[in-house]
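Remarks on the structure that follows.
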Amino acid sequence: DASKVRALWLFLHELGAVRDPSEAALTAYVKRIAKVDDVQWMRGVRRVDSGTRPMVKGREELVIETLKKWAMRYLPAAVVALKAEVRERYDNGLLSPEQLDCAARGFDRSTQGEGFEVQWEAWENLRTAAGRQYPV
């Protein structure tokens, strides 16, 4: 799904992994990974060498999975940093009831595994608890 690819690309930019969040930079990444000229043309499959034997993967899945793996090189540290920021805001009495709920969910979720979805959900909740605005 092209919208999920774009969302992951912008998420990587917010984490500091991607310097250029532009559509042109995303298109260059997709071209390198999926071997197609545009995000909208990712449908279909691509042969991927996986060491012992070649595999066939959906282009969209391939791009999404590489973006998630890339994010996981940054996301755990970002979650730790947000936890510290939220703790400090809590200690200073700066969290609203909604932020307290998000903080509790974020801290709880961050202990439930190391996978992308778990860490991303923790990051989302902690980000809200820290009072950070979403980029426009």
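The values are calculated or read from the model by the stated rules, or taken from the named source; none is laboratory data. Fair warning: this is a prediction, and the values are worked out from it, not measured in the lab. Using ideal geometry, Cβ is built from the backbone for each residue, glycine included, and neighbour counts are taken over all protein chains shown. The area values use the complete protein model at the heavy-atom level, side chains included, leaving out ligands, DNA and RNA. Shrake-Rupley method; radii C 1.70, N 1.55, O 1.52, S 1.80 Å.
May I ask you to verify whether Arg132 is assigned to a loop (DSSP other than H, G, I, E, B) and either among the charged types (D, E, K, R) or farther than 22 Å from Ala71 by Cβ (or both)? Write out each step before concluding.
Values: assigned to a loop (DSSP other than H, G, I, E, B): yes; either among the charged types (D, E, K, R) or farther than 22 Å from Ala71 by Cβ (or both): yes.
Judged against the criteria, Arg132 is a match.
Being assigned to a helix (DSSP H, G or I) and open to solvent by 100 Å² or more (accessible area, probe 1.4 Å) is the filter here, so list the residues in region 98-116 that pass it.
Glu98, Arg105 - these are the residues of region 98-116 that are assigned to a helix (DSSP H, G or I) and open to solvent by 100 Å² or more (accessible area, probe 1.4 Å).
Please determine, by comparing only the residues of region 65-114 that are at pLDDT below 95 and of a type outside the set (D, E, K, R), which one is farthest from Val36 (Cα to Cα).
Of everything passing the filter in region 65-114, Thr111 is farthest from Val36 (Cα to Cα).
Among the listed residues Ala17, Ala34, Ala2, which satisfies the condition of being at pLDDT 95 or above, open to solvent by less than 40 Å² (accessible area, probe 1.4 Å) and not aromatic (Phe, Trp, Tyr)?
Working: Ala34 fails: at pLDDT 95 or above; Ala2 fails: at pLDDT 95 or above.
Of Ala17, Ala34, Ala2, the one residue that is at pLDDT 95 or above, open to solvent by less than 40 Å² (accessible area, probe 1.4 Å) and not aromatic (Phe, Trp, Tyr) is Ala17.
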